[in-house]
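The values are calculated or read from the model by the stated rules, or taken from the named source; none is laboratory data. Computed from a predicted structure; not experimentally measured. Every residue, glycine as well, gets a Cβ built from its backbone with ideal geometry; the counts of neighbours run over all protein chains shown. The accessibility values were calculated without ligands, DNA or RNA, using every heavy atom of the protein model including side chains. Shrake-Rupley method; radii C 1.70, N 1.55, O 1.52, S 1.80 Å.
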There are 2 protein chains.
Amino acid sequence: MSDSSNVIEYMADLGRNARRAARVVAAASAGTKNRALLAMAEALEAARPTLAEENRKDLEAGEANGLDAAMLDRLALKPATIDGMIEGLRQVAALPDPCGAITDMNFRPSGIQVGKMRVPLGVVGIIYESRPNVTIDAASLCLKSGNAAILRGGSEAIHSNRAIAACLKKGLAEAGLPETAVQVVETTDRAAVGELIAMPEYVDVIVPRGGKGLIERISRDARVPVIKHLDGICHVFIDAKADLDKAFNIALNAKTHRYGVCNAMETLLVDQTVAAEILPRLADAYAEKGVELRGCERTRALIEAQTATEEDWATEYLAPVLAIRVVDGLDEAMDHIAQYSSQHTEAIVTEDYTRARRFLHEVDSSSVMVNASTRFADGFEYGLGAEIGISTDKIHARGPVGLEGLTSQKWIVLGDGHIRN
Amino acid sequence: MSDSSNVIEYMADLGRNARRAARVVAAASAGTKNRALLAMAEALEAARPTLAEENRKDLEAGEANGLDAAMLDRLALKPATIDGMIEGLRQVAALPDPCGAITDMNFRPSGIQVGKMRVPLGVVGIIYESRPNVTIDAASLCLKSGNAAILRGGSEAIHSNRAIAACLKKGLAEAGLPETAVQVVETTDRAAVGELIAMPEYVDVIVPRGGKGLIERISRDARVPVIKHLDGICHVFIDAKADLDKAFNIALNAKTHRYGVCNAMETLLVDQTVAAEILPRLADAYAEKGVELRGCERTRALIEAQTATEEDWATEYLAPVLAIRVVDGLDEAMDHIAQYSSQHTEAIVTEDYTRARRFLHEVDSSSVMVNASTRFADGFEYGLGAEIGISTDKIHARGPVGLEGLTSQKWIVLGDGHIRN
């Protein structure tokens, strides 16, 4: 009991600190924020020996606790990982400041001028798992967008995260910003997460990064808006009028470029008029890459594949497995997508203008593509410069979320003594 | 038990219907949606006798149940109220369609073109209290923005709302749209609200309209994002460099133009250097209008006023009552606003460029004004054409929410066989 009330008090303290710091960071100039980011990069550079030492403690504890090789790999702060963190800070410093941009400023019939100014959200809470480098990603994006941040990493990375936090504080102090503008939760008590997502008075939005289980739990329990990225059940539809060479390349790239990513294709839909021509060609290429195929009956009549079950259509494999369905045209393809898609990314391959136009208009996903691989759904590819995640929700931010997704717009009104009659 | 499971089943049915209809409405052309809106207006015109009759049932039941005069007034569908509903439908039909607008379309180094397309949210749930004319407001804005809607009005207006629902269905049918694109909840069981806000699979966003108690309850219990407008504790700050004639007019207009509205001023902040000059003038004018004044000690040294308590600074009076505080300059004014404001609307009156610029930048409210009355914070005054409400949140929509607030943006990508390397 005394323990949990300690966590409540500790988290409320972080919240109050963040709320106060948020006003300062929101008013800070782009120059000040950039100075802090570059000073953080220098502090990381100088702290390489400490970072290695603290990371070793986490790795040893992780081994003792039986973490698997993949987990330990994500936990490791190799020299190249630290290079990446430093480079990331410099890149975010080089991005334009989204804050303060005034748009749509117009005179109204009453004589007032009305427009919008882009502003920070306030305090952002980030909850993530083992990778300690996320601490830097998240901190830099929150700071650049004028927000205060509270970062809650995995308990298995606690020593690494504390060492990184010291570098963040150093950078903030050197730029004259409050050290509480970016706070790392320094307790491993799991109750801290429950508190962080239930303090609307101190936290304006939560961004969870990690496995689906973590994100579902947070979305369910949060008393604060959540910007989240769940499943990526992405589809490619090869239309009757597809250029089959483009279709071949896109279907291959979307599945096999990387398997464990949310923008990889999980289901291939093929119009029945071209299935006999394209599927055997693709099946050979997938076989060469070791991709397991699961198909509908019409697919299985053309190529070797396991029988796809209802569950296959609704599964994000994140693995070299592909579900394939032969459909009777665009409407059946869009019906399938409407029923099974996670609204992440869908692509059509077609040379037909009208069907491309309908697909773009009618498919309700965060990214909709014509003649391009789903793998392009990514903040860097879209030109955001950096990405805090991908949102499959429609409220606030949709698709790749960069600095702008961490901001809002307020209305500004300029008058000259105007009153309303 | 069987009753509540009936409500659950009934609401799930509405949800499924809405989800299906949403795809049709999202793909409908502006012309089709406008035809439906105009046909609804005609149906209302033709149904005047029925509307009067059904409304009478609600009014009689309301009287029998002891509703007060103000409630009965809001409930009444007078001929002028119906005129307003018809006119509202025609105005929304005349607004530009927000859906499908493509912006920021650019070539990326990879060769793909990336941009954004404005799209409906999907299914919008509206929960409101006694005014049956909200049924038309909400239905028209949801339809025009390409969303399906589920409308849950107060049980005291159930006969009126059913009669209005019949007109909505008629309009939808005449335009060839599914009648389930706008559904009115036809049960008065209170459990229906609980269901409506807890069906994320069928409902994408909830917009509650009504008293603060209703909105707080819904925000607390919703399992779906809520676009809400809570308090309006709006401030006007009269700066040391204010033009005192402008200050007088704005402070008077912001308080006395209308009392029961969320954009009325509730607290007046006055720089100490001009307080002795402006406050007595204002006090006379407020006295003439019957406005009760509550002031800090420095205020009370200059004019007659009750002592303002801590609670006064945090109260939305919605009445002819005003709290007044004398402050030592801009920073103290902004500190007061940061502490007590509901982040709705704040205004500064000043001729000083630097202080105007700081106020605009640093005050964190949905509308921030220079030399204009807070009463301008309104969708019509801002040029939105119509307003579903005012959001004091920062996520998704902020300030007056019009058609655009009921939409989102998806990313669209145009390629020519592009794959990622």
Of all residues making up segment B:370-394, the number that are within 7 Å of chain A (Cβ to nearest Cβ), outside any loop (DSSP other than H, G, I, E, B) and either within 16 Å of residue A:395 (Cβ to Cβ) or within 12 Å of the chain's Cα centre (by Cα) (or both): 0
Subset of segment B:139-161 (residues that are farther than 20 Å from residue B:16 by Cα and assigned to a helix (DSSP H, G or I)): B:140, B:141, B:144, B:155, B:156, B:157, B:158, B:159, B:160, B:161
Whichever residue in segment A:290-308 is without any contact (Cβ under 8 Å) to a residue 12 or more places away in the chain and of a type outside the set (Gly, Ala, Ser) and, among such residues, is least open to solvent (accessible area, probe 1.4 Å): A:300
Subset of segment A:240-261 that is assigned to a loop (DSSP other than H, G, I, E, B) and not hydroxyl-bearing (Ser, Thr, Tyr) - its residue that is nearest to residue A:208 (Cα to Cα): A:261
Any hit, segment A:110-120, residues being open to solvent by 10 Å² or more (accessible area, probe 1.4 Å) and more than 14 Å from every other protein chain (Cβ to nearest Cβ): no
Matching entry among B:350, B:354 (being outside the structural domain of residue B:215 (by TED's automatic domain parsing) and open to solvent by 30 Å² or more (accessible area, probe 1.4 Å)): B:354
Leading residue by the ranking (nearest to residue A:251 (Cα to Cα)) among those in segment A:370-385 that are among the charged types (D, E, K, R) and in contact (Cβ under 8 Å) with a residue 24 or more places away in the chain: A:375
Flag for residue A:84 being surrounded by fewer than 18 Cβ atoms within 10 Å (Cβ to Cβ) and farther than 26 Å from residue A:166 by Cα: no
Subset of segment B:217-239 [open to solvent by 30 Å² or more (accessible area, probe 1.4 Å) and in a helix (DSSP H, G or I)]: B:217, B:219, B:220, B:221
Test: residue in segment B:226-233 that is at negative phi and modelled with pLDDT of 95 or more: yes
Any hit, segment A:395-411, residues being open to solvent by less than 10 Å² (accessible area, probe 1.4 Å), at the interface with chain B (Cβ under 8 Å from one of its Cβ atoms) and within 30 Å of residue B:245 (Cα to Cα): yes
Qualifying residue in segment B:39-47 (condition: at pLDDT 95 or above, closer than 17 Å to residue B:157 by Cβ and surrounded by fewer than 21 Cβ atoms within 10 Å (Cβ to Cβ)): yes
Only listed residue being under 16 Å from residue A:130 (Cβ atoms), assigned to a helix (DSSP H, G or I) and in the same structural domain as residue A:93 (by TED's automatic domain parsing), chosen from A:214, A:168: A:214
Helices (runs of 4 or more DSSP H) lying entirely in segment B:268-369 (those with 1 or more residues that are more than 19 Å from residue B:250 (Cα to Cα) and within 14 Å of another protein chain (Cβ to nearest Cβ)): B:330-340, B:353-362
Exclusive hit being of a type in the set (A, V, I, L, M, F, W, C) and assigned by TED's automatic domain parsing to the domain that holds residue A:100, set A:406, A:384, A:330: A:406
Matching residues in segment A:199-214 - criterion: being in contact with a strand residue (DSSP E or B) (Cβ under 7 Å, 6 or more places away or on another chain) and either within 22 Å of residue A:360 (Cβ to Cβ) or within 14 Å of chain B (Cβ to nearest Cβ) (or both): A:202, A:203, A:204, A:205, A:206, A:207
Lone unmet requirement of (1) open to solvent by 10 Å² or more (accessible area, probe 1.4 Å); (2) not in a helix (DSSP H, G or I) for residue B:130: (1)
Residue count, segment B:258-272 (criterion: within 17 Å of residue B:233 (Cβ to Cβ) and surrounded by fewer than 18 Cβ atoms within 10 Å (Cβ to Cβ)): 4
Matching residues in segment B:19-47 - criterion: being among the small types (Gly, Ala, Ser) and within 18 Å of residue B:85 (Cβ to Cβ): B:36, B:39, B:41, B:43, B:46, B:47
Failed item, numbered, when residue A:416 is tested on (1) at the interface with chain B (Cβ under 7 Å from one of its Cβ atoms); (2) among the charged types (D, E, K, R); (3) in a helix (DSSP H, G or I): (3)
Residues of segment A:200-211 satisfying the condition of being over 16 Å from the mean Cα position of the chain (by Cα) and either surrounded by 22 or more Cβ atoms within 10 Å (Cβ to Cβ) or assigned to a helix (DSSP H, G or I) (or both): A:202, A:203, A:204
Sole residue being over 19 Å from residue A:138 (Cβ atoms) and modelled with pLDDT of 95 or more, chosen from A:189, A:221, A:239: A:239
All positions within segment A:178-199 that are open to solvent by 10 Å² or more (accessible area, probe 1.4 Å) and within 18 Å of residue A:26 (Cβ to Cβ): A:178, A:179, A:180, A:183
Residue list for segment B:357-370, restricted to those being open to solvent by 10 Å² or more (accessible area, probe 1.4 Å) and under 26 Å from residue A:421 (Cβ atoms): B:360, B:370
Residues satisfying the stated conditions in segment A:322-337, i.e. surrounded by fewer than 17 Cβ atoms within 10 Å (Cβ to Cβ) and on the phi < 0 side of the Ramachandran plot: A:328, A:331, A:332, A:335
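The rows are residues; the columns are (1) away from chain B (no Cβ under 14 Å); (2) closer than 20 Å to residue A:148 by Cβ; (3) free of Cβ contacts under 8 Å to residues at least 40 places away in the same chain.
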site: A:15; (1), (2), (3): yes, yes, no
site: A:21; (1), (2), (3): no, yes, no
site: A:28; (1), (2), (3): no, yes, no
site: A:40; (1), (2), (3): yes, yes, no
site: A:61; (1), (2), (3): yes, no, no
Residue within segment A:156-164 that is more than 30 Å from residue A:212 (Cβ to Cβ), touching a Leu at 6+ places or on another chain (Cβ under 8 Å), of a type outside the set (Gly, Ala, Ser) and in contact (Cβ under 8 Å) with a residue 24 or more places away in the chain present: no
Helices (runs of 4 or more DSSP H) within segment A:1-120 that include 1 or more residues within 30 Å of residue B:335 (Cα to Cα): A:2-27, A:30-46, A:79-94
Unique match (being open to solvent by less than 20 Å² (accessible area, probe 1.4 Å), within 30 Å of the chain's Cα centre (by Cα) and of a type in the set (Gly, Ala, Ser)) among A:314, A:275, A:242, A:251: A:251
